[in-house]
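Nothing in this text is a laboratory measurement; each read-out follows from the coordinates by a stated rule. From a predicted model like this one, the values you see are computed outputs, not experimental measurements. Neighbour counts run over all protein chains shown; Cβ positions are idealised from the backbone, glycine included.
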Amino acid sequence: MKQEQDVQTNKKEPEHFRFFSHKECEFFPCHAVKDTETFNCLFCYCPLYALGDDCGGNFSYAKGVKDCSKCLIPHSPGGFDYITKNFSKIVDLIKKEEQE
């Protein structure tokens, strides 16, 4: 009944799936940040890593390996939207690799 009421009034339910903070993790926070309260652990390992230079994050290469330690996109308040908006790039990459 509550769900129907929310649909009828266009009231959005909270979107708790967008944020997860694992403060008990021995690596928390895995990046130096000013505010640990908004540090999102949902994408502990960034799905955009596979995009290489096209991920849009602040990364460098160390001995030929992509180093994302200075990138906070997955852990920032807007990170969920940024990453999900770019999932299509991952799908395109997979399709390209399957064709080769």
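Answer yes if at least one residue in segment 42-53 is touching a Ser or Thr at 6+ places or on another chain (Cβ under 7 Å) and surrounded by 11 or more Cβ atoms within 10 Å (Cβ to Cβ), and no otherwise. No, segment 42-53 has no match at all.
Pairing each residue of segment 51-65 that is closer than 23 Å to Lys95 by Cα with any residue that is of a type in the set (Val, Ile, Thr), provided the two are 6+ apart or on different chains, yields C-beta distances under 6 Å for Gly57/Ile73. The combined condition, being in contact (Cβ under 8 Å) with a residue 60 or more places away in the chain and crowded, with 16+ Cβ neighbours inside 10 Å, is fulfilled by Phe80.
Within segment 68-80, is even one residue over 25 Å from Phe17 (Cα atoms) and outside any helix (DSSP H, G or I)? So far as segment 68-80 goes, no, none of its residues is over 25 Å from Phe17 (Cα atoms) and outside any helix (DSSP H, G or I).
Residues in segment 21-50 that are assigned to a helix (DSSP H, G or I), polar (S, T, N, Q) and either in contact (Cβ under 8 Å) with a residue 24 or more places away in the chain or under 21 Å from Ile94 (Cβ atoms) (or both): Thr38 only.
Could we say that Lys66 is more than 22 Å from Glu15 (Cα to Cα), surrounded by 13 or more Cβ atoms within 10 Å (Cβ to Cβ) and touching an Asp or Glu at 6+ places or on another chain (Cβ under 8 Å) here? For Lys66, the condition - more than 22 Å from Glu15 (Cα to Cα), surrounded by 13 or more Cβ atoms within 10 Å (Cβ to Cβ) and touching an Asp or Glu at 6+ places or on another chain (Cβ under 8 Å) - is not met.
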